[in-house]
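Engineer: Here it is, the structure, as structure tokens.
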Amino acid sequence: MSARRDQWNPTSLPAQTGRAFLVTGSNAGLGYFASEQLARAGAHVIMSGRNPNRLAAARAAIGRRVPDASVETLLLDTSNLGSVRAAAASVGGRARLDGVLLNAGIVHPPRTREVTGDGNELVLATNVLGHFALAGALLPVLERAELPARMVWLGSISTAMWSYDPVDPQLEQDYSPWRAYVQSKVIAQALGFEADRRLRAHGLAVRSLVAHPGYSVSGRTPGIRGVNEPTRGARFVDNLQAAVTQSKERGAWAPVRALIDPDAEGGTFWGPKGGLRGMPRTARPAALTADPARGERLWAFCEEATAVQWPSDRGSSERRRWRRRSGR
């Protein structure tokens with residue numbers, strides 16, 4: 001396996017023809033480049049986002065850069081549980097879905113705490129709760145994939161630098177923009193690992209992985225009309241950090257590998273080889289996020305906050321019935 005990992009080429013991915021993937025937050029940044037890389041490999045990509053105009057611009061950009069791309073768009077606002085339910089219902093009727101990249105999120109939180117219409121803190125809702133609800137709702141269609149489907153949760157290297165134990169997930173007592181961001185990533189990573197433990201325990205043919213993009217910045221990313229248009233000042237500042245940064249195009253390498261590398265195992269953590277930048281490989285997650293007890297506690301919190309419970313044994317029995325009907 002190690003030799004295969006050394007040979008992985010993120011600029012020449014294994015053919016994904018006939019496979020379908022959903023990417024949240026596809027209109028810019030990591031989500032856009034992950035979508036483009038998957039489409040270039042031949043996959044059908046469902047690009048999702050909350051702004052229809054930006055989503056259309058991103059789809060047009062992929063059409064210009066990958067003329068034979070197979071893509072469609074889906075309106076999805078992960079901060080809004082009603083939007084999540086509608087999007088999941090739309091995708092859930094498909095014959096199959098091979099994977100979902102849970103990428104959408106707020107990187108620059110508001111200066112003061114904000115609450116969504118569902119009553120949840122905005123950053124938590126966008127980066128975590130919407131994805132928890134979406135992934136749970138998509139389990140039945142993910143179970144219909146020929147190969148074990150995957151969900152990839154987007155983490156962050158910041159979780160290894162700041163020890164924010166999410167004892168107050170909604171940040172009702174001690175909100176700050178940076179804490180809101182890092183804590184949301186701690187929770188997302190913990191859920192990703194806990195999801196894989198639960199999927200295995202219930203015998204569901206879906207794997208959960210976590211990936212992070214290193215230190216990826218817009219100023220070192222190719223300019224694409226309607227997708228990435230940094231100012232000259234932003235490019236100047238970001239290029240001053242060239243030794244420790246990379247483009248968002250390269251930042252998408254680790255999540256994409258976690259999603260499609262046939263040797264990537266459930267419950268693993270992926271990121272750039274150098275931590276901040278480099279080729280995608282397995283990494284060691286922050287201990288805070290890998291603790292099963294904390295994962296179980298945060299799982300219970302998310303169930304309560306979203307009023308969503310994932311299918312469990314029911315999902316595996318449904319798959320067995322489906323296999324009998326289809327002769328598989």
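We did not get these values from a lab; they are worked out from the coordinates using the rules stated. The model shown is predicted, which means the values in this text are computed figures rather than measured ones. Virtual Cβ from ideal backbone geometry, glycine too; neighbours counted across all protein chains shown.
Engineer: Hey, fewest Cβ within 10 Å first, where do H131, H108 land in order?
Structural biologist: H108, H131
Engineer: Under a Cβ-Cβ cut-off of 9 Å, what is the net charge of the residues other than W310 that fall near it, where Lys and Arg count +1 and Asp and Glu count -1?
Structural biologist: 0
Engineer: State whether segment 104-160 is rounded, prolate or oblate according to the following rule on the C-alpha gyration tensor (a ≥ b ≥ c being the square roots of its eigenvalues): a/c under 1.5 gives rounded; otherwise a/b larger than b/c gives prolate, and the remaining case gives oblate.
Structural biologist: Note, shape of segment 104-160 comes out oblate.
Engineer: Something else about it: Answer rounded, prolate or oblate for the chain, using the Cα gyration tensor with square roots of eigenvalues a ≥ b ≥ c: rounded when a/c is under 1.5, else prolate when a/b is larger than b/c, else oblate.
Structural biologist: Note, shape of the chain comes out rounded.
Engineer: Would you mind telling me which residue in G119, G267, G226 has the biggest mean-square fluctuation in a Gaussian network model of the chain, where springs connect alpha carbons within a distance under 10 angstrom?
Structural biologist: Largest GNM mean-square fluctuation: G119.
Engineer: Using alpha carbons only, how many angstrom separate the centre of segment 87-104 from the centre of segment 116-151?
Structural biologist: 9
Engineer: Could you please report the charge total around R207, scoring K, R as +1 and D, E as -1 over all other residues with beta-carbon less than 9 angstrom from its beta-carbon?
Structural biologist: Net charge in that neighbourhood comes out at 0.
Engineer: Could you please report the charge total around A61, scoring K, R as +1 and D, E as -1 over all other residues with beta-carbon less than 14 angstrom from its beta-carbon? The partial results should precede the final answer.
Structural biologist: Values: positive: R40, R54, R59, R64, R65, R225, K248; negative: E36, E229, E249.
Here the count lands on +4.
Engineer: Here's a follow-up. Would you calculate, for the chain, the mean residue ellipticity at 222 nm contributed by helices, counting each DSSP H stretch of 4 or more residues as -39,500 (n - 2.57) and dividing by all residues, to the nearest 500?
Structural biologist: Using -39500 (n - 2.57) per qualifying helix, the result is -12500 deg cm²/dmol.
Engineer: If you don't mind, another one. When the Karplus curve 6.51 cos²θ - 1.76 cosθ + 1.60 is applied with θ = phi - 60°, which whole-Hz ³J(HN,Hα) does each residue of segment 149-159 get, with x for Gly and Pro?
Structural biologist: Taking θ as phi minus 60°, the curve returns 6, 10, 10, 10, 8, 8, x, 7, 5, 4, 5 Hz for segment 149-159.
Engineer: Kindly write out, for segment 191-199 in residue order, the coupling ³J(HN,Hα) from the Karplus curve 6.51 cos²θ - 1.76 cosθ + 1.60 (θ = phi - 60°), rounded to whole Hz, with x marking Gly and Pro.
Structural biologist: Result, rounded to whole Hz: 5, x, 6, 5, 4, 5, 4, 6, 4.
Engineer: Hey, can you grab everything whose amide H is under 5 Å from the amide H of S48? Only 5+ residues off in sequence or another chain; H modelled, so Pro and N-termini drop out.
Structural biologist: V23, G25, S26, L74
Engineer: Determine the shape class of segment 104-262: with a ≥ b ≥ c the square roots of the Cα gyration tensor eigenvalues, call it rounded for a/c under 1.5, and otherwise prolate if a/b is greater than b/c, oblate otherwise. Don't skip to the end; give the middle numbers.
Structural biologist: Details: a/c = 1.97, a/b = 1.24, b/c = 1.59.
Cα axes put segment 104-262 in the oblate bin.
Engineer: If amide H atoms are built 1.01 Å from N in the plane of the peptide, which residues on other chains or at least 5 residues away come under 5 Å of the amide H of W270?
Structural biologist: Amide H neighbours of W270, under 5 Å, 5+ apart: V210, A211, H212, A283.
Engineer: Each residue of segment 200-205 in order: what ³J(HN,Hα) in whole Hz does its phi give by Karplus 6.51 cos²θ - 1.76 cosθ + 1.60, θ = phi - 60°, with x for Gly and Pro?
Structural biologist: 5, 4, 9, x, 7, 7
Engineer: Given springs between every Cα pair under 10 Å in a Gaussian network model of the chain, which of R250, R207, R64 has the largest fluctuation?
Structural biologist: R64
Engineer: In addition: So which residue, out of N120, N51, N27, gets the largest mean-square fluctuation from a GNM of the chain using Cα contacts under 10 Å as springs?
Structural biologist: N51
Engineer: Using the Kirkwood radius over Cα pairs, work out the Stokes-Einstein diffusion coefficient for segment 239-306 at 10 °C and 1.306 mPa s, in µm²/s as a whole number. Working shown, then result.
Structural biologist: Working: Rh = 14.0 Å.
Estimated diffusion coefficient is 113 µm²/s.
Engineer: Let me ask another. Name the long-range amide H neighbours of A43: under 5 Å, sequence gap of 5 or more, or other chain; modelled H, no Pro or chain starts.
Structural biologist: Q16
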